[in-house]
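All of the numbers you see were taken from the coordinates with simple rules; none came from a lab. Just so you know, these numbers come straight off a predicted model, no measurement behind them. Every residue, glycine as well, gets a Cβ built from its backbone with ideal geometry; the counts of neighbours run over all protein chains shown.
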């Protein structure tokens with residue numbers, strides 16, 4: 001099978017591609033034991049793709065989502081797969097344009113839909129836990145229920161605890177939930193953390209301006225610290241040694257003057273560095289230039305930004321249409337490619353990028369691949385431009401990259417560095 005063309009490549013080469021069984025939309029991707037687990041934002045569910053030969057992806061197996069339910073993020077470890085369940089926001093007329101999603105409190109706008117009443121809630125809310133000892137035949141063995149809208153994203157790399165961004169009833173938006181899954185058939189909550197002003201049922205009043213979302217996107221854990229990104233609420237370092245009582249170490253927020261969207265953190269503890277990506281969430285940089293920041297965290301209670309990643313400049317990506325700017329970082333998970341110097345990232349309409357941060361004060365781009373425009377638009381949001389929107393990237397232990405897109409399928413890439 002011939003490969004699709006690419007718009008631009010430097011030190012990267014497209015070696016494989018999957019249309020994901022005709023469902024080209026993808027968000028988070030995990031590659032585990034030779035299979036890619038791809039979460040679909042629009043097609044309803046997640047797919048499992050045989051990538052034991054990365055140059056010739058094999059059969060795709062779809063696991064459908066429950067009705068009206070988003071399953072857009074997932075995690076794999078050993079024989080377990082964890083998949084988020086939440087209200088499918090973009091199937092809701094309230095969010096028929098993306099601006100309302102990125103600028104509104106979910107608890108305020110759709111929280112009432114999740115409260116108990118006479119009618120059952122018409123979607124699934126929580127985290128489903130699967131046994132994947134047979135990779136293409138996942139068997140659900142547990143479920144952690146959430147009484148609100150649901151769970152957005154999770155972090156799990158083994159052990160007793162999973163870390164979730166969850167929207168419970170009584171909160172303005174997503175907060176950190178720590179869940180004990182030592183027995184994956186009987187998960188239970190161990191602790192919570194939120195920013196001041198988010199617990200509206202407890203009488204707290206939001207202090208941030210209207211049009212700004214203070215909501216946990218997700219936290220990445222290193223040691224006993226959670227590095228958590230709160231969209232327009234910035235970055236926190238949280239002491240999680242006592243799971244029942246997480247404590248704030250430091251909080252930094254650069255919105256304003258910058259445009260918010262703080263999305264992904266990547267701690268590099270061996271170098272006392274922390275990378276933080278601000279997601280571009282509006283077309284043509286209408287939300288301002290977004291950056292991936294490098295922080296010095298030698299003093300965890302005083303993280304200091306020391307540089308930003310270079311901006312792709314071989315084309316006019318601002319004018320290209322769609323979102324231009326950071327989205328996700330490869331997160332150095334156990335069993336995957338791990339490096340404190342070579343960093344892989346998605347840059348939405350500018351594709352997939354590789355950076356070298358050997359000198360953290362002067363990060364350098366060392367590779368890029370921009371897939372060609374999608375042949376079919378699956379994104380349900382009205383008026384979306386027909387351009388690439390690279391969403392997530394996973395690097396396996398051999399350094400092969402697997403990148404999703406909102407419409408264009410799974411790109412499998414060999415990095416030449």
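For the chain, take the convex hull of the Cα atoms, compute a quarter of its surface area, and give me that in nm², please. Walk me through the numbers on the way to the answer.
Numbers: hull surface 73.3 nm².
It is 18.3 nm².
Using 1/(1 + (r/R0)^6) with R0 = 30 angstrom and r between the beta carbons of residue 55 and residue 358, what's the FRET efficiency to the nearest 0.05?
Working: r = 30 Å, r/R0 = 1.01.
It comes to 0.50.
If you count, for each residue, the other Cβ atoms within 10 Å and average over each peptide, how do 338-347, 311-320 line up from highest to lowest?
338-347, 311-320
Given a Förster distance of 30 Å, report the FRET efficiency between residue 133 and residue 15 from their Cβ-Cβ distance, rounded to the nearest 0.05.
That pair, residue 133 with residue 15, gives E of 0.55.
Could you give the Stokes-Einstein D for region 270-380 in µm² per second, using the C-alpha Kirkwood radius, 20 °C, 1.002 mPa s?
Result for D is 142 µm²/s.
Taking the chain as a Gaussian network, Cα atoms linked when under 10 Å apart, which of 246, 54, 310 shows the biggest mean-square fluctuation?
Between 246, 54, 310, it is 310 that shows the largest mean-square fluctuation.
GNM, the chain, Cα, under 10 Å: largest mean-square fluctuation among 304, 38, 127?
Maximum among the listed residues: 304.
Test of understanding: what is the full-extension gain from residue 185 to residue 91, defined as 0.36 nm times their sequence separation minus their Cα-Cα distance? Mind showing how you got there, number by number?
Working: separation 94, 0.36 × 94 = 33.84 nm, distance 3.03 nm.
So the extension gain works out to 30.8 nm.
Determine which residues of region 36-54 fall in the zone a paramagnetic label at residue 397 would reach in this model, i.e. backbone nitrogen under 15 Å from the point 7 Å along Cα→Cβ.
Correct set: 52.
222 nm [θ] for the chain, helices only, -39500 (n - 2.57) per DSSP H run of 4+, per residue, to 500?
-1000 deg cm²/dmol
For the ranges 148-154, 12-18, what's the packing order if you count other beta-carbon atoms within 10 Å of each residue, average per peptide, and put the highest first?
Those peptides, ordered most packed to least, come out 148-154, 12-18.
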